[in-house]
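The values are calculated or read from the model by the stated rules, or taken from the named source; none is laboratory data. The model shown is predicted, which means the values in this text are computed figures rather than measured ones. Virtual Cβ from ideal backbone geometry, glycine too; neighbours counted across all protein chains shown.
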Amino acid sequence: MIKFENVYKTLGQTRVLEGFSFHAERGKILCLVGPSGCGKTTILQMLAGLEQPDAGRIDGKDGLRVSYVFQEPRLLLWKTVAGNIDFVLRDAVIPARRKELIDKYLSLMGLYEYRDSYPKALSGGMKQRLALCRAFAFPHDLLLLDEPFKSLDMPLRLGLVRQVAKMWRETPRTIVFVTHDIMEALLLGHRIVVLSARPTTVLDTVDLNIPFKKRNVGREPLPSHYARMLSLLEAEIMKSLPNL
Amino acid sequence: MKNSIFLIRGLPPLFGLAAFLAIWQVISGFYSHVITPSPVEVAQTLLTLAADGQLWEQSRHSILRGLVGFGLAVAAGTPLGLLIGMNPVAASLLRPLVVVLQVTPLISWLLLAMIWIGFTKVPVFVVFVTTLPLIVINTFQGVKSIDGQLLQMSEIYRISKPRVIREIYLPQVAPYLMAGVSNALGVTWKAVAMAEFLSVQQGIGASMAVARINLETAALFAWTLFLIGLGLVTDRLLAYLTNRKLKHWM
């Protein structure tokens, strides 16, 4: 279990977290939903060890091998599609297994036929899919997803969410998935935590024990969760807008 | 289609060149051939030099010296530029020295080298010290342009430092380095001829020194043309090789 206990963090002049606590269960998918700029990325960077808390404790993350999908694809433009995955596997996986892993995840994300192309030839959505392949192929204990579908259109987003669920089912590992899209969270999370605007607090926590296959945007309890979370987030946003 | 566009685009420069040669020919009629040899005379001299083997015999010394000095500068300048770019302590220690190196007049290096290391090695040394700062500064500029997001990604995926240098730094530095290499190559042939002129008995610069003493102005022109040609050919060759390597992602 990964645990944030009473964590404080200030970035520049901005107090991002003030006594923030939550935990992510091992081998499960935790979704953090919150308004833009609420500190979601900071939480992920702390989990990855890229940022340290000013005060408080983060337990259970030491020694974990981390895969990270950033908001941007962060690809090496001078390597081929397959080469970009091989880049992270080279020191972590024996050669015989590398090609197998690369082919498997490229197929799952519909990129197999592009394996010898360069990223320049890919669309924005394909680049982000390649970043997902890279993260899944790397042998990890913890997968951090920072709004990876942000710039994609709705149908593709839902499709990729389903694909991520499939890949998780094959090898269930801890995932912390940050998004501002409630629907993505409801389709993918075992636990969904709704966050407030800065300084971040927990507004709502929902545990969903429905198998991914049976989750449907039109079928209860997803619509009622959706409505409640949306109104919570709307109320958060209204606080920062002038009252006319 | 593509060929015809190339032909049309190639016409104005050819026309310009023809006009230049015509004016040169006319002007040369007014003066003695010691002052202004005609283009025809220069071409004849160049052909004679090629025919009696002098062109190759002299230029092979210059080309070898140029390539050795230039090669050493690239071999030393690239790691030095990387070091200055990546290490703040190295940067504050070495950057001023590189700038001093860059602004030191060529003639000072030439004369000092004759005193320090003897005449025969002067051309190689002069090429080395004049091209080294170009390589270092361009490599350093390249390092400054490195994408920090990719370094963070490499850190997450636990890529080893040598691999980060090879696979993240070098490819991003490459376009800058190649610009530096191209500049340096341009300087190389000028520097080697200049150094040979003052220091040695063989090579293009030495042949120009002899031509000057004998008032063989046509030979001076011929060697100059050869140096220009050498610069152009090596520059195009480098551009071709660079493009072949970088075309996938630039």
Exercise for the section: Go through (1) at pLDDT 90 or above; (2) surrounded by 14 or more Cβ atoms within 10 Å (Cβ to Cβ) one by one and return the number of the condition B:Arg95 breaks. Expected result: (1)
Problem - Per-region count, the range A:204-244, residues over 20 Å from A:Ile29 (Cα atoms) and among the β-branched types (Val, Ile, Thr) - result: 1
Exercise for the section: Pull up the range B:191-222, narrow it to residues that are closer than 12 Å to B:Ser62 by Cβ and without any contact (Cβ under 8 Å) to a residue 40 or more places away in the chain, then point me to the one that is surrounded by the fewest Cβ atoms within 10 Å (Cβ to Cβ). Expected result: B:Phe197
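For residues in the range A:4-41 being of a type in the set (D, E, K, R), part of a strand (DSSP E or B) and touching a strand residue (DSSP E or B) at 6+ places or on another chain (Cβ under 7 Å), which is farthest from the other protein chains (Cβ to nearest Cβ)? It would help to see each step written out before you state the result.
Step one: filter the range A:4-41 for residues of a type in the set (D, E, K, R), giving A:5, A:9, A:15, A:18, A:25-26, A:28, A:40.
Still in the list and also part of a strand (DSSP E or B): A:5, A:9, A:15, A:18.
If we keep only those that are touching a strand residue (DSSP E or B) at 6+ places or on another chain (Cβ under 7 Å) too, we end up with A:5, A:9, A:18.
Values: A:Glu5: 24, A:Lys9: 18, A:Glu18: 26 Å.
Looking at residues that are of a type in the set (D, E, K, R), part of a strand (DSSP E or B) and touching a strand residue (DSSP E or B) at 6+ places or on another chain (Cβ under 7 Å), I get A:Glu18.
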Fill in the blank from the handout: Over the range A:1-48, the set of residues modelled with pLDDT of 90 or more, small (Gly, Ala, Ser) and farther than 25 Å from A:Phe212 by Cα is A:Ala48
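Among the residues of the range B:132-150, is any over 30 Å from A:Arg90 (Cβ atoms), aromatic (Phe, Trp, Tyr) and modelled with pLDDT of 90 or more? I'd like the intermediate steps shown before the answer.
Applying the first criterion (over 30 Å from A:Arg90 (Cβ atoms)) to the range B:132-150 yields B:132-134, B:136-137.
From what's left, aromatic (Phe, Trp, Tyr): none.
Within the range B:132-150 (the criterion being over 30 Å from A:Arg90 (Cβ atoms), aromatic (Phe, Trp, Tyr) and modelled with pLDDT of 90 or more), the answer is no, since none of the residues qualifies.
Restricting the range B:230-248 to residues that are in contact (Cβ under 8 Å) with a residue 40 or more places away in the chain and within 14 Å of chain A (Cβ to nearest Cβ), which is surrounded by the most Cβ atoms within 10 Å (Cβ to Cβ)? Break it down stepwise before answering.
Within the range B:230-248, the subset in contact (Cβ under 8 Å) with a residue 40 or more places away in the chain is B:230-231, B:234-235, B:238-239, B:242, B:245-246.
Then keep just the ones that are within 14 Å of chain A (Cβ to nearest Cβ); that gives B:242, B:245-246.
Numbers: B:Thr242: 18, B:Lys245: 13, B:Leu246: 14.
Among those that are in contact (Cβ under 8 Å) with a residue 40 or more places away in the chain and within 14 Å of chain A (Cβ to nearest Cβ), it is B:Thr242.
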Completion exercise
Pairs returned, first residue in the range A:42-69 that is within 11 Å of chain B (Cβ to nearest Cβ), second residue that is surrounded by fewer than 20 Cβ atoms within 10 Å (Cβ to Cβ) and aromatic (Phe, Trp, Tyr), beta-carbon separation under 7 angstrom, 6 or more apart or interchain, are none
Exercise for the section: Could you check B:Ser32 against (1) assigned to a loop (DSSP other than H, G, I, E, B); (2) in contact (Cβ under 8 Å) with a residue 40 or more places away in the chain and say which number it fails? Expected result: (2)
Fill in the blank from the handout: Note: among A:Pro148, A:Pro172, just one is part of a loop (DSSP other than H, G, I, E, B) and more than 13 Å from the chain's Cα centre (by Cα), namely A:Pro172
Problem - Pairs where the first residue, in the range B:136-152, is of a type in the set (D, E, K, R) and the second is crowded, with 16+ Cβ neighbours inside 10 Å, C-beta under 7 Å, 6+ apart - result: B:Lys144/B:Gly85; B:Asp147/B:Gln172
Exercise for the section: Pick out the one residue from B:Thr45, B:Thr78 that is farther than 29 Å from B:Met178 by Cβ and surrounded by 14 or more Cβ atoms within 10 Å (Cβ to Cβ). Expected result: B:Thr45
Completion exercise
Filtering the range A:206-244 for residues that are in a loop (DSSP other than H, G, I, E, B) and either free of Cβ contacts under 8 Å to residues at least 40 places away in the same chain or under 20 Å from the mean Cα position of the chain (by Cα) (or both) leaves a count of 15
Fill in the blank from the handout: Taking the range B:123-149 and keeping residues within 11 Å of chain A (Cβ to nearest Cβ) and within 33 Å of the chain's Cα centre (by Cα) leaves B:Asp147, B:Gly148
Handout entry: helices (runs of 4 or more DSSP H) fully within the range B:153-245 counting 1 or more residues that are under 27 Å from B:Met86 (Cα atoms) and not basic (Lys, Arg)
Key = B:161-164, B:170-199
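One line per residue, one yes/no per condition, for (1) within 14 Å of chain B (Cβ to nearest Cβ); (2) closer than 17 Å to A:Gly189 by Cα:
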| residue | (1), (2) |
| --- | --- |
| A:Leu75 | yes, no |
| A:Pro95 | no, no |
| A:Gly110 | no, no |
| A:Glu113 | no, no |
| A:Leu145 | yes, yes |
| A:Asp153 | no, no |
| A:Arg157 | no, yes |
| A:Val161 | no, yes |
| A:Val164 | no, yes |
Completion exercise
When every residue in the range A:116-129 that is of a type in the set (A, V, I, L, M, F, W, C) and farther than 14 Å from A:Arg157 by Cα is compared, the one surrounded by the most Cβ atoms within 10 Å (Cβ to Cβ) is A:Leu122
Handout entry: Among the residues listed as B:Leu227, B:Leu215, B:Leu185, the single one being out of contact with any Pro (no Cβ under 8 Å at 6 or more places or on another chain), within 19 Å of B:Thr45 (Cβ to Cβ), modelled with pLDDT of 90 or more and away from every other protein chain (no Cβ under 14 Å)
Key = B:Leu227
Practice task
Scan the range B:172-180 and give yes if some residue there is within 14 Å of chain A (Cβ to nearest Cβ) and either touching a Pro at 6+ places or on another chain (Cβ under 6 Å) or closer than 30 Å to A:Ala48 by Cα (or both), otherwise no.
Solution key: yes
